[in-house]
Amino acid sequence: MENSKLRKYIFATIALIKKQAFQAKEKVGSLVGAPTTYNTGLLMGYAHILKDFRNYTIALWIDRKDLGLADIEPEADLLGMKSNPEADRRIKDMIEPLTEEKVEGYIYDLMTILKETAMEEQAQLDDPATSDDNGFDRGYLMAYYQIFSTMQDQAVLFGIDQKACNLSIIDPDRDLLPSLLKEKK
Amino acid sequence: MKDALSQEESSSHKSGDETSFIQVAKAIGSGIAHEIYDEITDIVKIVPQFCQEVGDCVEKFKPDCVKKLIPDERAITAEKEMEGQVEYYERIAFKGHQVIDYIFSTDQAKDFTPDAKANDPRNEFTYGTPPFPGSSGKEVIKAGKTLSQAKKYKKAGKVLDRAAHIGKDRIVPLEKSKVYEKAIKQKRHAKTVRDAMSKPAKENQKSIRSHKKNIAEHKEKIANPKEAYKDVDWDSLTPEHQARQMKRWSSEIKGWEEQIEWLEEILEERMNYGE
């Protein structure tokens, strides 16, 4: 499994997403007293999506180290929350050897969850009654757009079957971009 | 029985009444023989042969009495034609009890007539054996004396099974699993459900416990968000930021609850599978 194409793909993709997330944090600087802007929305989006990446490892008993998710606590590292070592201790023996099937299943189910949340956010953004006027919600949805795009671009690079991994469940340019580019009154 | 005989023997020696000891021994021996024979006659339908075998053994000691009680083959055929098979069987079975009484010089056969058995007050009691670890309801059924009683035992066995978590390690094949079918239909957590279906119960229960702790921690965060932050003061965050974070915690709770539900459905399905 160590040299599996799929494992290399997910490891590299997560590394890239983490990098994007820390770049978003640099743009915001400190959150203390920070206004709700596009950038704070983007940062929160990255933090929450990376949290989903971490949470879903538990469902399949995947060692976070295998996916490069052991060295990040998104809410603590990106949003200034307290670290929770107790939660990590709790799952330290909930680990099984990583298999091709597990990685495929992990990406498959995670894509469904991410897509659902993204579509909810998109609907909220399109609704004038709930939409913001400061870019915060757009920034949040943009994190989803960028992550889907990154995952699909990386899949092409690594020669991954996108349908088998459910990566083709969403077309970010078609499904999310129009809402992101829509002018706000 | 050994204890009863020993006590009786010792008291007999003291009183010098040996007759009493012999009578008790006969009564106990006869009672056991009747019970065993009654159980056998309830199971097998070859009573005439059985009686003949008993007769052959006893004939060596009391040839005359057995000949009077056990009918020969020609008589059996004639009698069968005269009455129904069940009545014939019961009557022949009763003769076996008379043989036992004759051998032990007792008078207990009357307790084993079809009428006496039907009116036995013990029928009102339910008695059975709780399933051994790893046993299923089917084994409990075997222990039942009658079909109606066996159904009660099966139900009781199911309850005990549940209490002991027996059956939760059964693996339900994917193609027969309603839970997996549902996950595919709903397009939610299908791969995770498939993975959990191959795990032993204790691992799935561990996942459930872990999710429950996560839920409790998140509820605590919602109740007291200030405590969740280290580098940022909750009150310094904008209402939109706060609302978004609250929504996020609630959504994580919902996700774990959903996972717990799937895992519990898997365990439940295993309990009911194959019964």
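All of the numbers you see were taken from the coordinates with simple rules; none came from a lab. Just so it is clear, the structure is predicted and the values come from calculations on it, not from any experiment. Cβ sites come from the backbone with ideal geometry, for glycine too, and all protein chains shown count toward neighbours.
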10 Å Cβ neighbours from other chains, averaged over peptide B:226-237: 5
C-alpha long axis of helix A:5-28 to longest principal axis of chain A, angle in °: 30
Square roots of five times the Cα gyration tensor eigenvalues for segment A:5-181, Å: 27, 21, 13
Helical mean residue ellipticity (222 nm; -39500 (n - 2.57) per DSSP H run of 4+; nearest 500) of chain A: -21000 deg cm²/dmol
Listed residue pairs exceeding 29 Å between alpha carbons, taken from B:Lys212/B:Lys247; A:Lys65/B:Lys182; A:Lys25/B:Lys212; B:Lys206/B:Lys247; A:Lys182/B:Lys254; A:Lys163/B:Lys206: A:Lys65/B:Lys182; A:Lys25/B:Lys212; A:Lys182/B:Lys254; A:Lys163/B:Lys206
Over 20 Å [Cα-Cα, segment B:174-272], rounded percent: 49
Between helix A:38-59 and chain A: long-axis angle, C-alpha atoms, 0 to 90°, nearest 10: 30
Computed magnitude of the charge dipole of segment A:57-185 (debye, nearest 20; Cβ of K, R +1, Cβ of D, E -1): 140
